[in-house]
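The values are calculated or read from the model by the stated rules, or taken from the named source; none is laboratory data. Computed from a predicted model, the values in this text were never measured in an experiment. Neighbour counts run over all protein chains shown; Cβ positions are idealised from the backbone, glycine included.
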C-alpha cells in the first residue's frame, strides 16, 4: 500500500535530560521519527484565492448575463412579459454552472485557479499528485453548498476534505513528492539533468 502525505515522518532531535555523577545537568541527544504535518495553505492566502477568483467569476457572470438579456429582451411587450421569468431564472442557474465549470476546468487542466496562481499554490491529492477529474469535479460542485466558503476558516475546507484534496504551495508539493519517494525507497537526485 502506498504511503500518503499524511503518513510521512521526519527525523527530529530530542534530548534526554539527566544528571551526571557530579550532579550536573546533562542533555543527551537522540533521534526519533515523528509524523510530518502537511504545510497547508490557510488564512489570508486562502481568502486571497477566494477574492481573486470571485472577481473573475463576477466578470464572467456579468458578460454571460448580458448576453442572456440581449437574447431574451425584445421590444415586443408580450414577449418581454413571457420572458420575465426566464430573465430571473437563467442568471441564477448559469452562475452556478459557471462557478462549477470555472473551478473544475482550471484545477483539472492547470492544477490551480487564477487566484492560486497569484500565490503560487496548487491542488494535490493524498499522494502529492494532480487529483483525478472526478475528485476535482466533486471539489468544484461542493462549492455550491451554502456557507461552504466559511469552512475554509479552519485548516481545510469542506470541498478539500470531501474530495480528499489539499491546497499547498508549489514548494511544499515538491518537498512532499521528494519525501514520499525517499520513504518508499525511490531516491530522487536534486539535479534535473539525469539523462545528460
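Given the residues 22, 14, which is the only one that is surrounded by 11 or more Cβ atoms within 10 Å (Cβ to Cβ) and either part of a loop (DSSP other than H, G, I, E, B) or more than 22 Å from the chain's Cα centre (by Cα) (or both)? Let's see the steps before the verdict.
Details: 22 fails: surrounded by 11 or more Cβ atoms within 10 Å (Cβ to Cβ).
On inspection, the qualifying residue turns out to be 14.
Can you pull out the residues in segment 142-151 that are at pLDDT below 90, in a helix (DSSP H, G or I) and more than 24 Å from residue 4 (Cα to Cα)? The answer is 148, 149, 150. Among residues of segment 131-145 that are at negative phi and without any contact (Cβ under 8 Å) to a residue 40 or more places away in the chain, those with a beta-carbon under 6 Å from a residue that is crowded, with 18+ Cβ neighbours inside 10 Å and part of a loop (DSSP other than H, G, I, E, B) at least six positions away or on a different chain give the pairs 131/165; 139/165.
Report, by residue number, each residue of segment 152-173 that is touching a helix residue (DSSP H, G or I) at 6+ places or on another chain (Cβ under 9 Å), part of a helix (DSSP H, G or I) and surrounded by fewer than 17 Cβ atoms within 10 Å (Cβ to Cβ). Let's see the steps before the verdict.
Of the residues in segment 152-173, the ones touching a helix residue (DSSP H, G or I) at 6+ places or on another chain (Cβ under 9 Å) are 152-153, 157-169.
Those still in the list that are part of a helix (DSSP H, G or I) too: 152-153, 158-163.
Within segment 152-173, 153, 161 meet the criteria.
Looking across 87, 93, one residue alone is within 26 Å of residue 148 (Cα to Cα), out of contact with any strand residue (DSSP E or B) (no Cβ under 7 Å at 6 or more places or on another chain) and at pLDDT below 85. It is 93.
For the condition at pLDDT below 95, out of contact with any helix residue (DSSP H, G or I) (no Cβ under 9 Å at 6 or more places or on another chain) and more than 17 Å from residue 158 (Cβ to Cβ), residue 119 does not qualify.
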